[in-house]
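Please read the structure below before turning to the comments.
Just so you know, all these numbers are worked out from the coordinates, no wet-lab data involved. It should be emphasised that the depicted structure is a prediction, and the values quoted were computed from it without experimental measurement. Note: ideal-geometry Cβ built from the backbone for every residue, glycine included; neighbour counts use all protein chains shown.
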Amino acid sequence: MDKHILLRDLDVPNIRELAVYQANDGYAAWRKALTAMKPEEVVAVVKDSGLRGRGGAGFPAGLKWSFIPKDIFPKYVVVNGDESEAGTFKDHQLLDNNPHQVIEGTALCAYAVQANTAYIYLRGEFLEPSRTLQRAIDDAYAAGLLGQNILGTGYNLDIHIHLGAGAYICGEETALLSSLEGQLGQPRLRPPFPAVQGLYAKPTVINNVETLANVPPIVLNGAQWYRQFGTEKSPGTKIFCVSGRVNRPGNYELPLGQYTIRELIDMAGGTIDNRPVKGILPAGSSAPILPASALDTKLDYESMQAAGSLLGSASFVILDDTVDIVWAARKMVRFFKHESCGKCTPCREGTHWAMKLYDKIVSGQGSLQDVEMLGEVANSMAGKCFCLLGEFATSPILSTLKHFRPEYEAWVSGAKTPAGASFHT
Ligand SMILES: Cc1cc2nc3c(=O)[nH]c(=O)nc-3n(C[C@H](O)[C@H](O)[C@H](O)COP(=O)(O)O)c2cc1C
Ligand code: SF4
């Protein structure tokens, strides 16, 4: 890409400073919306742009905003900056290096749905980004861009930062709302959806940090301008986080649907020592692993689904032939067992028993029956968990059993032993 839309810090030094941001079109969309657009016009342009949520599910942002009832007050905007998915570090870069674009996107969303309060929920470990963001919010208040009677228009908006306590489940939108209210971070039953009864049982929009960072350029330049990037069903650019066995892990902003996984790995400097790719985790630990035969899959929502996985938050963890797949799957299941909130039995018990089976297999004590049982445990969780975390936990099990079963068989036949296995930390 010639110029970044989101990772603008790569093109404009110090864009995290208000003066630099403003000198580069910063808050121009905010001024335009407040002085020349009705709230419903802001909703319409975001809807027409086709912007899809970047937190994982890819739900159209403008459509979500249009669900907010017009006659119930107060309403809230909540920004999801929990960013706890394995291998995901895009929101961190946005918050730390281009915070005003996140603030401006949040403000535009609030104006569009006529909310006067927004909360930015950050994962507990984001202490440094939270300080950068707070400084940026303070500067925006001092410049009259937030607070009371903004730019003399009579519109008021306050933005608050809330730090979580480091629980993966608090990235799930309803658990996040409970956590923000000071309750235990556990998912809520839907319906009612947050758009109708969200924070403090009031209409609430929840969007991911990256989703909202797309909004200022859309409002400023229009839906058609945005649609020149990406595909018809996956418009715009997306930040791809690349990590694992590559030479240059990092964030790469690309138009959706233009490049393949293979090209993304090349951009990340190829694999370490040029080793062959064995598996690809396109969305950290929460989407099915893909085998190397999927390397020519295009990077958009539809293509990843057609290949048998999901784009999710686009956190590509690349595994080469030095990685033991059973070890990798066990590591992911251990994560889900630890992060399960314990509210429902299939997830709480299922992750526990899956871990027991993995421990048995990688200690060299497992049998083929244990491998079968692992599949049965995962299948008995699938479709029965209260929230998607339980579903996510089945992904590393079922997808590695599907594509890499011989590796399990090597463990239980004694061909592979704990002493002979190559593990990465
Ligand atoms: C277990 C779990 C963890 C999640 N973690 C995050 C997260 O860290 N950040 C995020 O934006 N969305 C996360 N989500 C998705 C949110 O529930 C929600 O879909 C998202 O914040 C909506 O924003 P979007 O429409 O802009 O993507 C998670 C979902 C689940 C089930
Ligand atoms: S699926 Fe897991 S994380 Fe979700 S509610 Fe049930 S126990 Fe909690």
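Scanning residues 5 or more positions from residue 416 or on other chains, those with amide H under 5 Å from its amide H are 411, with H placed 1.01 Å from N in the peptide plane.
DSSP beta bridges in the range 8-227, what fraction antiparallel, as a percent rounded to 5? Antiparallel bridges make up about 10 percent of those DSSP assigns within the range 8-227.
Its relative contact order, with pairs defined as Cα atoms under 8 Å and 6+ residues apart, puts the range 8-227 at 29 percent. Spacing of the modelled spin labels on residue 306 and residue 70, each 7 Å from Cα toward Cβ, amounts to 4.0 nm. Other residues lying with their Cβ under 15 Å from the Cβ of residue 314 contribute a combined charge of -3, Lys and Arg counting +1, Asp and Glu -1. A straight chain from residue 267 to residue 248 at 0.36 nm per residue would run longer than the Cα-Cα distance by 6.0 nm. Couplings 3J(HN,Hα) of the range 189-204, computed from phi: 5, 10, x, x, 7, x, 4, 9, 9, x, 5, 6, 6, 10, x, 9 Hz, in residue order, whole Hz [Karplus 6.51 cos²θ - 1.76 cosθ + 1.60, θ = phi - 60°; x for Gly and Pro]. Calculate how steeply helix 39-49 sits against the longest principal axis of the alpha-carbon atoms of the chain, using the helix alpha-carbon long axis, and give the answer as 0 to 90 degrees to the nearest 10. For helix 39-49, the angle is close to 40 degrees. Put simply, the convex hull of the Cα atoms in the chain casts, on average, a shadow of 19.6 nm². Under 19 Å from the 7 Å Cα→Cβ point of residue 391, by amide nitrogen: which residues of the range 205-231? What the label zone holds, given the 19 Å backbone N cut-off, is 206-208.
If you take all other residues with their beta carbon under 14 Å from the beta carbon of residue 362, and give Lys and Arg +1 and Asp and Glu -1, the sum is +1. Note: relative contact order over the range 65-194, using C-alpha pairs below 8 Å and six or more positions apart, is 25 percent. One Cα centroid belongs to the range 258-281, the other to the range 380-406; the line between them spans 25 Å. Averaging the Cα positions of each part gives two centres, and for the range 232-248 and the range 326-355 these lie 27 Å apart.
Annotation: extensible slack from residue 127 through residue 376 equals 85.5 nm (criterion: 0.36 nm per residue apart, minus Cα-Cα distance). Of the chymotrypsin sites (Phe, Trp or Tyr not before Pro) in the range 51-114, the ones in a loop by DSSP (not H, G, I, E or B) with at most 14 other beta carbons within 10 Å are 67. Within the chain, what's the longest run with no GluC sites (Glu not before Pro) in a DSSP loop and at most 13 other beta-carbon atoms within 10 Å? Give the range, please. With GluC sites (Glu not before Pro) excluded where exposed in loops, the chain gives 233-425 as its longest stretch. List the pairs from 90/360; 90/278; 202/298 whose alpha-carbon separation is above 29 Å, in the order I gave them. Pairs exceeding the cut-off: 90/360; 202/298. Loop sites here are trypsin sites (Lys or Arg not before Pro) outside DSSP states H, G, I, E and B with no more than 15 other Cβ atoms within 10 Å. The longest part of the chain free of them is 71-232.
Can you give the calculated 222 nm mean residue ellipticity of the chain, where each DSSP H run of n ≥ 4 adds -39,500 (n - 2.57) and the sum is split over every residue, rounded to the nearest 500 deg cm²/dmol? Counting only the DSSP helices, I get -12500 deg cm²/dmol.
Over the range 237-320, Cα pairs under 8 Å with separation of 6+ residues give a relative contact order of 36 percent. For the chain, what is the percent of antiparallel DSSP beta bridges, rounded to the nearest 5? Counting DSSP beta bridges with both partners in the chain, the antiparallel share is about 40 percent. The string of couplings for the range 181-186 from the Karplus curve (6.51, -1.76, 1.60, θ = phi - 60°) is 7, x, 9, 4, x, 10 Hz, one whole number per residue in order, with x for Gly and Pro.
Couplings 3J(HN,Hα) for the range 405-414, derived from phi with the Karplus relation 6.51 cos²θ - 1.76 cosθ + 1.60 (θ = phi - 60°), are 4, x, 5, 5, 5, 5, 5, 7, 8, x Hz, where x marks Gly and Pro.
Name the residue, out of 213, 112, 328, whose mean-square fluctuation peaks in a Gaussian network model built on the chain with Cα pairs under 10 Å. So, out of 213, 112, 328, the one fluctuating most is 328.
For residue 39, what charge total do you get from the other residues with a beta carbon under 12 Å from its beta carbon, if Lys and Arg give +1 and Asp and Glu give -1? Once all neighbours under 12 Å are counted, the net charge is +1. In the Gaussian network model of the chain, springs joining C-alpha atoms below 10 Å, which of 270, 164, 383 carries the largest mean-square fluctuation? Maximum fluctuation in the GNM of the chain, among the listed residues, is at 383. Taking amide H as placed 1.01 Å from N in the peptide plane, the amide H of residue 230 sits under 5 Å from that of 236, 256, each at least 5 places away or on another chain.
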